[in-house]
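Asker: The following block contains the structure, expressed as structure tokens.
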Amino acid sequence: MPQHTRVVLPEDRYFDPYPPQKAIALQLYRLVKDLPLVCPHGHIDPRIFADPEYTFSNPAEMLITPDHYVFRMLYSQGIPLEHLGIPRRDGGAVERDPRKIWQLFAEHFYLFRATPTGMWWTHMLYSVFGVTQKLNGATAQAIYDQIMAQLALPEFRPRRLYERFNIEVLCTTDAATDRLEHHRAIRASGWPGRILPTLRLDGLANMYAPDWRQHIAALAEVSGREISSYRTFIQALEERRAFFKEMGAHATDHSPVMVHVPDLTEQEVERIFQRGLKGNVSTEEALLFTGHMILESARMSIEDGMVMQLHPGSYRNHNRWVYDTFGPDSGGDIPVQIEFTRALHTLLNRYGNDPRLTLIVFTLDESTYSRELAPLAGHYPALKLGPPWWFQDSVNGMLRYRQLTIDAAGFYNTVGFNDDTRSFPSIPARHDLWRRMEANWLAGLVVRGILDLDDAAEMIQDSAYRLAKRVYRFDF
Amino acid sequence: MPQHTRVVLPEDRYFDPYPPQKAIALQLYRLVKDLPLVCPHGHIDPRIFADPEYTFSNPAEMLITPDHYVFRMLYSQGIPLEHLGIPRRDGGAVERDPRKIWQLFAEHFYLFRATPTGMWWTHMLYSVFGVTQKLNGATAQAIYDQIMAQLALPEFRPRRLYERFNIEVLCTTDAATDRLEHHRAIRASGWPGRILPTLRLDGLANMYAPDWRQHIAALAEVSGREISSYRTFIQALEERRAFFKEMGAHATDHSPVMVHVPDLTEQEVERIFQRGLKGNVSTEEALLFTGHMILESARMSIEDGMVMQLHPGSYRNHNRWVYDTFGPDSGGDIPVQIEFTRALHTLLNRYGNDPRLTLIVFTLDESTYSRELAPLAGHYPALKLGPPWWFQDSVNGMLRYRQLTIDAAGFYNTVGFNDDTRSFPSIPARHDLWRRMEANWLAGLVVRGILDLDDAAEMIQDSAYRLAKRVYRFDF
Amino acid sequence: MPQHTRVVLPEDRYFDPYPPQKAIALQLYRLVKDLPLVCPHGHIDPRIFADPEYTFSNPAEMLITPDHYVFRMLYSQGIPLEHLGIPRRDGGAVERDPRKIWQLFAEHFYLFRATPTGMWWTHMLYSVFGVTQKLNGATAQAIYDQIMAQLALPEFRPRRLYERFNIEVLCTTDAATDRLEHHRAIRASGWPGRILPTLRLDGLANMYAPDWRQHIAALAEVSGREISSYRTFIQALEERRAFFKEMGAHATDHSPVMVHVPDLTEQEVERIFQRGLKGNVSTEEALLFTGHMILESARMSIEDGMVMQLHPGSYRNHNRWVYDTFGPDSGGDIPVQIEFTRALHTLLNRYGNDPRLTLIVFTLDESTYSRELAPLAGHYPALKLGPPWWFQDSVNGMLRYRQLTIDAAGFYNTVGFNDDTRSFPSIPARHDLWRRMEANWLAGLVVRGILDLDDAAEMIQDSAYRLAKRVYRFDF
């Protein structure tokens, strides 16, 4: 192989190589590369913004152990999670030396070749920390030192990074029963950063989950009322929604494994709810209840104006041993086949023609894009199509998303991007990848005579910034 | 953005941009761009050809209100269908001013950016009406005037457009119980245009539909016989087929939501038929009957030589409110998952090895292309693969179609193109898009050394013209 | 069309046309084009290596009649299989003149335009036999003579071709009850070629198949023991595995139509086994047993170190008439929808975290790539993703495979290539196509700044040679 100079982040990366297309892609990308980041959906811990002095303690704690996108890949190649410092639920021994964790990770960084995680890391290491060397076993310690030296600096505290990243709003994901103490603290501090909560329905809605009753008990406690009937349950939930809204929430979020919305009578719902409270509900009934809660949630969204996010189809904690040993969000969530056309029929017939409802649907089953979701989004006023998500948040996934949905859904029934991340320093890299891939897709249409440049210029700005603001009703 | 001259329809549009590939694409495209249009499947109203003086009254009535591809997209963005002049079943108030409808549409034409509908419109407005301005709110009225002035001219009457469009044959879709009065009138007029009927089986075959008994009653009336048994039903249906064939039909058409073909005894069929007549059939039985009719239809096709078209997987009238208010074909048909390998097992085992049968299968579920339909078409003599259809009739859909089916089905188990349209003026644009995308696909294979230019030249002519004629047995 | 010189096999074929990408693809391809061929999975008859003097009798017998990839396409266009010399089970008349068969095939070779079979043939005819003319009706006899003249030469005997093809190891597929006489003969001959058996489980595991009891009887015979209980069955099977391993096998192979792994008790398994032995098992029970055998096979693989291959989802002998008349492997196997996430849950929870197990999963349902298989392979240490297979072993299929799996599975949870062929002379062509498409994919990533050239150079060598050796544990 010939020698070649390593340019860490060429400005034209990820674009199609043919120069006329690349030139247009670059022209479009430059229109949006410095626009603020709108982050309507993600999993950043609000705690890091609550304390103005919060400091990341080391590169491993910041970048590896909280991010299952990262450690699942090493696990798949036989690296025990304990060696990566993932805490065991039983308090058993795990590696505690962040340098060793970092070294082990660096030695296996080649596993991320051509993956989105690899791209995000290269971008993040360079643009956040100025790392220009390729991460591997040989460079691991030097890069560790380079990052470590910066983490101690005030400008690497989360609030300062939020500002440096040019984030306009960042929504977290919070259990419906959360008291939002960190969000309160952020508000009370007077810091102008917009960290907004999102009400996650799963704990209370997914009756099939083993800990559903604990969530109901938590709801009773936080509400200060007895939850003895479906009606009191809904009242308590509506109060939580009002509280979240008051605390700045614009949206709810729901991720059931399946998504069939049944058409139950009040009596049926109440009966299942009572059985659920007593813990003697059947799996089928529990799934009916979970499906019903999607319907109820749509009704509440129409009433309180919260945007409704639905992303079904992830079989959570598929690997029981990993779950039992390390807990949830340990890389063991695996997608399953999903169906929307029949499953959402009851909901869309009741509320889909109501323009007050915004229901954003995400999928991990790409076969539903052209078959179901794009035609649904291209018809029902209430339904919008969320961006490629999780396993599809990639160069390939983003291109497929547009190619599979543009024909039937059009562009304006989509909602821009969200980063959905647990890794705060990866946020700019993720948005940058989206902006690049959208610019590249649009440039491909321009050079094929499908779009003119004026339209493409509007669309890239919509995609990068304006659509997310509009759909999530951020009016700042 | 820099200024650029607007070329409405560059000759090389939609082709891949790399010049050597584009040059070959253009070379191939030029071989077929002026070939006559063979239109074996579509939904043009034969009425417009029956009266030689038929004149489109205005642009909205010609281009917007009859075409659910168009108005569903505006509806998805919250525009009431009443504002677009879609007639309500209850006779309720809808916009009647075509200028206002046109204005509203033009203001939202940006919703069609990068969609096939957008491409068809741009082509149609330019090539049929000479419109060179971009359609938007500002240009709406001028373009309206420009079209309106032409509609009054004799050369814009349907028969003259048929000739100008260089259509060789145009098949309509007609209920099996239709008396084909318009087709009779066309024949009687001596006009040489070939407007041929196609016998649509759905009304009589889809027992699960709420109006099945009305269709049976209509069959009884048109046949002048009592339909009291499955046997008399089949006799009456066979008479309809004979009548359609005499009137020029080459094909039948069937679009059930599901496609499971059961293996029923005569007694079982008769029993279900009797229950159907009495209106006390179960959903399961009705679906069995519908599946059985696919089998019966194959048998009849072998006997009378009519080509059999099957395109399952559309959940008709998914949006009940829209259906109740505006009727069928209002943009609310949504695809569902479909399965062919097991579902067609009975049919293919009984008739699939019979070369007298031509069964053309279409799908809206693209996951079936490489998994089921291409392997089936690459094995069974009777089964052919229809072109990308409805939501897939697009730049993206056409490319995926070839990439997902060529390996297992080959090229010669496909059947060329059909436009499947309700919008007469869009026909040339739709065929042109297909011819371009096929030329582009073939050019991509030539520059990769997969095909030589001689083979590609044959294939583009097969694709654009010869395959459809051969498969539908048009021997003029 | 202009005249153009026919270059049979341009060195840069199948690569993307843009010169900078093509140059990198060629550079990568050259790193691997002469590497030895590792063939861990295929269907070559070991008999052709057992006799050192084995000679292919004519082109039709060598290239057409054993290869259902080839004759199914002609059958789909109405050519009777009898005309192609496919032997009938009933001994009925079939064409016996290889020249006539060859002529008929050549006249229809245009059916393979743009298909992988067409590409393999062109490569094979040129590189193995020096054929430079295009195969068609006019050239058929001259090419026949050209091949025929060579088949008689010693260097066209299978062992000599094995060496000329630079094959390092070639695994066959053998019933678990096979005595491996041909493999014994090869070993005994002292010839250094590595022809290794693979233990195919289907006969013994797929209780739903009509001939399951015959396979059990064959097991009893070859084992010299009565198979009267599940326990004796497993003991006999373990002995067969030990025997295969002693004979050089590195892997087992299993291809059930469905893949649900149940969690049965020993008593349940024994009860179903007893009913199976008596021939009064229900379809449901037979499928449970088949699923259970996947689990048992994983347990045995952990114990004996054999790599486990699983490729479900082919509905075997879909065309009963073709099966009854010509037997299995006659082109009538059709894929069906498949599901892995739920289906493999029991297996992966029991053994998926065990690094001693290597379970390679193949699919014919490409919708499972990004949805299920890539996420599973990117998490479970035991699970690896097999290459695109059978109907997907193509330019299109290979590209889709990488684009659909790289994000979640990464590159190093895949296992390189296998040719899976019944046509010995096609082996170099198939590996060459893989090496080209991988070089092209990697080059596309390099020109987009996603990979650097050093990484791509490592990956192409892993893909073409090293991964297959490592995963199948070939340590020669």
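FYI, it's all coordinate maths here, none of it is from the lab. Quick caveat: nothing in here was measured; it's all calculated off a predicted structure. We place every Cβ from the backbone using ideal geometry, glycine too, and count neighbours over all the protein chains shown.
Asker: Given 10 Å bins starting at zero, what is the percent of C-alpha pairs of the range A:1-135 in each, up to the one with the largest pair distance?
Answerer: Each 10 Å bin holds this share of Cα pairs: 9, 30, 33, 20, 7, 1.
Asker: Restricting things to alpha carbons, find the Rg to Rh ratio for the range A:290-444 using the Kirkwood radius for Rh.
Answerer: A ratio of 0.98.
Asker: Next question, about the same structure. Determine the principal axes of the Cα atoms in the range C:203-274, then give the extent along each, sorted from largest to smallest and rounded to whole angstroms.
Answerer: In descending order, the Cα extents are 33, 26, 24 Å.
Asker: Quote to one decimal, in nm, the extra length available between A:Ser228 and A:Ala93 on full extension: 0.36 nm per residue of separation minus the C-alpha distance between them.
Answerer: Computed gain between A:Ser228 and A:Ala93 is 44.3 nm.
Asker: So how strong a dipole does the range B:56-156 carry about its Cα centre when Lys and Arg Cβ are +1 and Asp and Glu Cβ are -1, to the nearest 20 debye?
Answerer: Here the range B:56-156 has a charge dipole of around 220 debye.
Asker: What base-10 log of the normalised intensity I(q)/I(0) is obtained for the range B:56-156 from the Debye formula, alpha carbons as equal point scatterers, at q = 0.14, 0.17 Å⁻¹?
Answerer: -0.50, -0.75
Asker: Same structure again: To the nearest Å, what is the center-to-center distance of the range B:129-191 and the range B:204-255, using C-alpha atoms only?
Answerer: 30
Asker: A further question follows. Which far-off residues, 5 or more places away or on another chain, put their amide H under 5 Å from the one on B:Ile167, with H placed in the peptide plane?
Answerer: B:Leu37
Asker: Relative to the Cα centre, what is the charge dipole magnitude of the protein assembly as shown, using +1 at the beta carbon of each Lys and Arg, -1 at the beta carbon of each Asp and Glu, and rounding to the nearest 20 debye?
Answerer: Dipole of the protein assembly as shown, to the nearest 20 debye: 1440 debye.
Asker: Given axes a ≥ b ≥ c from the Cα gyration tensor, I'd like to know whether chain B is rounded (a/c under 1.5), prolate (a/b larger than b/c) or oblate.
Answerer: Note, shape of chain B comes out oblate.
Asker: Please compute the alpha carbon radius of gyration of the protein assembly as shown, then divide it by the globular-protein estimate 2.2 N^0.38 Å. Two decimals is fine.
Answerer: For the protein assembly as shown, the normalised Cα radius of gyration comes out at 0.93.
Asker: I need the Kirkwood Rh of the range C:268-311: take the reciprocal of the average 1/r across all distinct C-alpha pairs and report it in angstrom.
Answerer: 11.4
Asker: What does the structure give for B:361-368 when I average, per residue, the other chain Cβ atoms found within 10 Å of the residue Cβ?
Answerer: Taking the mean over all residues of the peptide, I get 4.
Asker: Does the range C:215-372 come out rounded, prolate or oblate by the C-alpha gyration tensor, with a ≥ b ≥ c the root eigenvalues, rounded set by a/c under 1.5 and, if not, prolate when a/b is larger than b/c and oblate if not?
Answerer: Taking the square roots of the gyration eigenvalues as a ≥ b ≥ c, the range C:215-372 is rounded.
Asker: Tell me, how many Å apart are the Cα centres for the range A:257-311 and for the range C:434-476?
Answerer: 49
Asker: Considering only the label points, 7 Å along Cα→Cβ from Cα, what distances in nm to one decimal separate A:Gly305 from the same position in each other copy, shortest first?
Answerer: For A:Gly305, the inter-copy label distances come out at 6.9, 6.9 nm.
Asker: Between copies, how close do the B:Gln133 label points come, placed 7 Å along Cα→Cβ, listed in nm from shortest?
Answerer: Distances between equivalent label points, in nm: 6.4, 6.4.
Asker: Across peptide B:9-17, what mean number of C-beta atoms from other chains lies inside 10 Å of a residue's C-beta?
Answerer: 4
Asker: Anything over 31 Å Cα to Cα? Flag those among B:Lys33/B:Lys100; C:Lys33/C:Lys384; B:Lys33/B:Lys134; A:Lys384/B:Lys33; A:Lys22/B:Lys469; A:Lys134/C:Lys469, in the order listed.
Answerer: Long pairs (Cα-Cα over 31 Å): B:Lys33/B:Lys100; A:Lys384/B:Lys33; A:Lys22/B:Lys469.
Asker: Counting only other chains, and only Cβ atoms inside 10 Å, what mean value do you get across the residues of A:440-452?
Answerer: 5
Asker: Limiting things to C-alpha atoms, what are the Rg and the maximum Cα-Cα separation (Dmax) for the range C:23-88, in angstroms?
Answerer: Looking at the range C:23-88, its Cα Rg and Dmax stand at 17.6, 50 Å.
Asker: Hey, another quick one. Distance between the C-alpha centers of the range C:318-356 and the range C:32-66? Whole Å please.
Answerer: Value for the Cα centre distance between the two parts: 26 Å.
Asker: Same structure again: Can you compute the helix-only [θ] at 222 nm over chain C? Use -39500 (n - 2.57) per DSSP H run of at least 4 residues, normalise by all residues, nearest 500 deg cm²/dmol.
Answerer: -14000 deg cm²/dmol
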